[in-house]
Amino acid sequence: MKLGFLASKNGSNMQAILDACADGRIPASPSLLVCNNPSAFATTRARESGLDVEILNGKLHPDPDDLDTSIRDTLLAYKIDLVVLAGYMKRIGPRTLSTFANRILNIHPSLLPKFGGKGMYGLRVHEAVIRSGEIETGATVHLINENYDEGPILQQQSILVYSHDTAESLQERTLELEHSLYLDTVSRIAKGEIVLPSD
Ligand code: GRF
């Protein structure tokens, strides 16, 4: 199974999966990172792990359809079987979405459908969790569809929200959970234990 990543930022979730591929916990070959931001730390991480990095963004392709086509064609050229969104801050276009239907995973730092949707990313998610007085939060791995954070859920795991938690502490603990949940999900898919819907 060939993995392709899309990331915009730090890439710690991608790193967790790369490490698990390298030591055999995930039977898959990571080959490509598509990144919109040339200075993202994710590009350094990917190159250090031997992945090719393609920078594709609205600067290079001002027409959104061109950008979408270019992302899709790059993933196709690398014969990517599973696309892993790892902190990718842009919407996936309709061509990429339909060519890779049910083959694009995302992770979100909450128990979806709670605290998801447009504008719910980063600290905002955890601030909203604390404001709402929830006693638990967590992380969700799901297949993407055309709406933010809405596709079918594959795996979810929860943690408690403590009374002393701040948005920052919650983000930190959730991110740790994300790493193990994401690699577990990719590993189960690669081993055939989670079967993705056929399109
Ligand atoms: C994670 O919280 C993930 O859930 C969200 O963006 C963040 C990315 O973190 N989609 P990283 O770049 O993987 O460190």
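Taking every lysine pair in the chain that is 8 or more places apart or spans two chains, those with Cα atoms closer than 25 Å amount to 14.
List 53, 84 from most exposed to least, where exposure is judged by having the fewest other Cβ atoms within 10 Å.
So the residues, fewest neighbours to most, are 53, 84.
Where a ≥ b ≥ c are the square roots of the eigenvalues of the C-alpha gyration tensor, would you call the stretch 157-199 rounded, which needs a/c under 1.5, or, failing that, prolate if a/b is larger than b/c, or oblate? Here the stretch 157-199 falls in the prolate category. Label point of residue 158 set 7 angstrom out along Cα-Cβ; within the stretch 91-114, amide nitrogens under 19 Å from it belong to 108-114.
Roughly how big is the chain's charge dipole about its Cα centre, with Cβ charges of +1 (Lys, Arg) and -1 (Asp, Glu), in debye to the nearest 20? Write down the numbers at each step before the final one.
Working: 19 positive and 25 negative charges, 37 e Å.
With Lys and Arg at +1 and Asp and Glu at -1, about 180 debye.
As a check on your grasp of the helix formula, calculate [θ] at 222 nm for the chain: sum -39500 (n - 2.57) over DSSP H runs of n ≥ 4, divide by the residue count, round to the nearest 500. Don't skip to the end; give the middle numbers.
Numbers: 6 runs with 73 residues, N = 199.
Mean residue ellipticity, 222 nm, calculated: -11500 deg cm²/dmol.
When the chain is treated as a GNM with alpha-carbon contacts under 10 Å, the residue of 56, 33, 183 showing the greatest mean-square fluctuation is 56. Neighbour counting of Cβ atoms within 10 Å sorts the residues 80, 153, 135, fewest neighbours leading, into 135, 153, 80.
Just to be sure I follow: if Rg is taken over the C-alpha atoms of the chain and Rh is the Kirkwood radius over the same atoms, what is Rg/Rh? Write out the running numbers ahead of the final one.
Working: Rg = 16.2 Å, Rh = 17.0 Å.
Here the Rg-to-Rh quotient is 0.95.
Build a GNM of the chain with springs between Cα atoms under 10 Å apart, and of 179, 142, 164 the one that fluctuates most is 164.
Read the figures in this text as sums done on the coordinates, not as results from a lab. A quick note: this is a predicted structure, and the numbers were derived from the prediction, not measured. Note that we place each Cβ from the backbone using ideal geometry, even for glycine, and neighbour counts take in every protein chain shown.
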